[in-house]
1. Taking segment 41-50, which residues are in a loop (DSSP other than H, G, I, E, B) and not hydroxyl-bearing (Ser, Thr, Tyr)?
2. Tell me, which residue of segment 56-71 that is under 13 Å from the mean Cα position of the chain (by Cα) and assigned to a loop (DSSP other than H, G, I, E, B) is surrounded by the fewest Cβ atoms within 10 Å (Cβ to Cβ)?
3. Can you spot a residue in segment 19-33 that is in contact with a Lys or Arg (Cβ under 8 Å, 6 or more places away or on another chain) and either surrounded by 10 or more Cβ atoms within 10 Å (Cβ to Cβ) or among the aromatic types (Phe, Trp, Tyr) (or both)?
4. If you check VAL53, VAL19, which single one turns out to be out of contact with any Asp or Glu (no Cβ under 7 Å at 6 or more places or on another chain) and outside any loop (DSSP other than H, G, I, E, B)?
Amino acid sequence: MGKAIGILSLKGGVGKTSVVAALGDAFADFGKKVLLIDANFSAPNLGLHFNIVDPEKTIHDLLDRTAILEM
């Protein structure tokens, strides 16, 4: 079974997104399967760390069930 790690803070600009991107890269480098979710609905920036500027699907689409998550 997989593990879940949550990185959160009520304050903006403290480096949550950068930490998540670095952790995701590190786990992937160790051969782990990684799913990163940016739940900042007003200003998601996680994709920018991976050069994803205009994604085809977003978390909004998954929650609205207008898209499916493909493995």
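No value in this document is a laboratory result; all are computed from the given coordinates. As the structure is a prediction and not an experimental result, all values here were calculated from the model. Reconstructed Cβ throughout: ideal geometry from the backbone, glycine too, with neighbour counts over all protein chains shown.
1. Within segment 41-50, PHE41, ALA43, PRO44, ASN45 qualify.
2. LYS57
3. No: segment 19-33 contains no residue that is in contact with a Lys or Arg (Cβ under 8 Å, 6 or more places away or on another chain) and either surrounded by 10 or more Cβ atoms within 10 Å (Cβ to Cβ) or among the aromatic types (Phe, Trp, Tyr) (or both).
4. VAL19
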